[in-house]
Amino acid sequence: MAEAAFRRATYADLEAVPDHLVAEIVDGTLETHPRPRPRHAIAAAGLAAELGHPFGRGRGGPGGWIFMVEPELHLGSHVVVPDLAGWRRERLSAEPETAYIETPPDWVCEILSPATARLDRGPKRRIYAEAGVGYLWLLDPGDGVLEAFALTGRQWLLLGTVERGETVGFPPFDAVPFPLDSLFPFDDPAAPPPPSLET
């Protein structure tokens, strides 16, 4: 049997995806996956908070950044939605008028899950390099590991890896380190136990 001709996904295909799914167009293929689980969402919110005050607002840090959670990026023919992205203010000086952004970020963080790890470690990592994103962080909340990469030429250079109990201090946010454990509040042995539901 002859194989069916490959049909490139269109933006209309992406718009038709139900709201309970995240949709992207990667290498011409429509990719969908469920919205993040709580552990994933909590880690994303925690990382946004750790970076937002010192680097976004300049409170206790150098400022100069704009951060977004799950922005829709149009990078060439690709439509991708990273978990977090950051732009230096001089590169994104005005609020975009569209629901998507065509200016590649300076930093991206993908939070890995079983549904997304294949894309995040594979095609999306390549797409970010091709677009000239300077830094990429991959955070695995299941294993409690963060990997940091810097773009050198068109290749990713691993800057380092941190695990639970260690401090995150990687470029471009090395001016204000923070404990990786702050992204996993339910794993904190010092946290008070939840209130009893017994009456």
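The values are calculated or read from the model by the stated rules, or taken from the named source; none is laboratory data. What you see is a predicted model, and the numbers here were worked out from it, not measured in a lab. Note: ideal-geometry Cβ built from the backbone for every residue, glycine included; neighbour counts use all protein chains shown. All accessible areas refer to the heavy atoms of the entire protein, side chains included, with ligands and DNA or RNA removed. Shrake-Rupley method; radii C 1.70, N 1.55, O 1.52, S 1.80 Å.
Residues in the range 80-103 that are more than 18 Å from the chain's Cα centre (by Cα) and of a type in the set (G, A, S) were compared, and the one that is most open to solvent (accessible area, probe 1.4 Å) is S93.
Tallying residues that are at positive phi and without any contact (Cβ under 8 Å) to a residue 60 or more places away in the chain within the range 2-48 yields 1.
Across the range 18-44, the number of residues qualifying as polar (S, T, N, Q) and either part of a loop (DSSP other than H, G, I, E, B) or in contact with a strand residue (DSSP E or B) (Cβ under 8 Å, 6 or more places away or on another chain) (or both) comes to 1. Scanning the range 33-54 for residues that are more than 16 Å from the chain's Cα centre (by Cα) and open to solvent by 60 Å² or more (accessible area, probe 1.4 Å) returns a single hit, H53. Evaluate the range 150-165: report whether one residue or more is among the hydroxyl-bearing types (S, T, Y) and within 18 Å of L183 (Cα to Cα). Checked against the condition, which is being among the hydroxyl-bearing types (S, T, Y) and within 18 Å of L183 (Cα to Cα), the range 150-165 yields at least one hit.
Scanning the range 96-117 for residues that are modelled with pLDDT of 95 or more and in contact with a Ser or Thr (Cβ under 9 Å, 6 or more places away or on another chain) yields a single hit, E110.
Scanning the range 104-148 for residues that are open to solvent by 40 Å² or more (accessible area, probe 1.4 Å) and of a type outside the set (D, E, K, R) turns up P114, A115, G132, Y135, G142.
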